[in-house]
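Structure provided below as structure tokens; questions to follow.
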Amino acid sequence: MGLGLDGMGLVFTQEDGSGLHPSKVTDLFERLVAASGLPPIRLHDLRHGAATLMLAAGIDIKIVSDTLGHSDTRITRDIYQSVLPQVGKSAAEATAKLVPLQRKAEAEKAARKAAKKEKTKKAAAKNAGKGRGGKPKNKAKAQPKADKKAKLRKPTK
């Protein structure tokens, strides 16, 4: 974290630049929260809120860790691991948006496959009523032919 206004890294100081006792800052913050009508929140909760918002906004974990003053990004990861899956999902979705042609190609391929399957299904349904050689199995049409063949086979008297 950078140096504060006093050049020593202090965020809250007295008028003369000397540091405030942490309890004094906490007490003042609690009075401000109560006066504003907000639900009870600790000053430290603002730190967590800021870190969570930075991670959700896609800020690199190293920058968030440095901002919080953590000595290692593993500390930040351990504390904010519940936020990281959502950040990961958001990152994956953002990356997928950069590759619309691939998604479009996959959708078109799936549509062609479905159309081919439907065409095959219709052809199978159409051919279901036919016998060998693609001739109809329709008995009404087949019967006259059978009668004609039977007459031809009958011995003459």
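The values are calculated or read from the model by the stated rules, or taken from the named source; none is laboratory data. Just so it is clear, the model here is predicted, and its values are computed rather than measured. Backbone-built Cβ (ideal geometry, glycine too); neighbour counts: all protein chains shown.
Name the pairs whose Cβ atoms lie under 6 Å apart, with the first residue in segment 60-84 and within 14 Å of Ala50 (Cα to Cα) and modelled with pLDDT of 85 or more, the second not in a helix (DSSP H, G or I) and not charged (D, E, K, R), and 6 or more positions between them or separate chains?
Matching pairs, first to second residue: Gly69/Met1; Thr76/His70.
When Lys24 is evaluated against the numbered criteria (1) farther than 22 Å from Gln86 by Cα; (2) at pLDDT below 85, which criterion, by number, is the only one it fails?
The number of the failed condition is (2).
For the structure I just gave you, tell me whether Lys141 is at pLDDT below 70, surrounded by 10 or more Cβ atoms within 10 Å (Cβ to Cβ) and part of a helix (DSSP H, G or I).
Here the answer is yes, as Lys141 does meet what is asked.
Condition first: within 19 Å of Pro22 (Cα to Cα) and aliphatic (A, V, I, L, M). Now tell me which residues in segment 35-53 satisfy that.
Keep residues of segment 35-53 that are within 19 Å of Pro22 (Cα to Cα), which gives 40-48.
Correct list: Ile41, Leu43, Leu46.
So, one more: I'm checking my understanding of the structure. Among residues of segment 27-84 that are outside any helix (DSSP H, G or I) and of a type in the set (Asp, Glu), which one is farthest from Thr95 (Cα to Cα)?
Asp72
Going through segment 63-85 one residue at a time, which ones are polar (S, T, N, Q), closer than 13 Å to Arg47 by Cα and out of contact with any Asp or Glu (no Cβ under 8 Å at 6 or more places or on another chain)?
Scanning segment 63-85 gives Thr67, Thr76.
If you don't mind, there's one more thing I want to ask. Looking at this structure, is Leu53 out of contact with any Ser or Thr (no Cβ under 7 Å at 6 or more places or on another chain), among the hydrophobic types (A, V, I, L, M, F, W, C) and at pLDDT below 80?
Numbers: out of contact with any Ser or Thr (no Cβ under 7 Å at 6 or more places or on another chain): yes; among the hydrophobic types (A, V, I, L, M, F, W, C): yes; at pLDDT below 80: no.
When the stated conditions are applied, Leu53 does not pass them.
When you look at Arg42, is it at pLDDT 85 or above, of a type outside the set (S, T, N, Q) and more than 26 Å from Phe12 (Cα to Cα), yes or no?
Here the answer is no, as Arg42 does not meet what is asked.
Right, another one. Let me confirm something: among Lys116, Lys24, which residue is surrounded by 12 or more Cβ atoms within 10 Å (Cβ to Cβ) and assigned to a helix (DSSP H, G or I)?
Lys24
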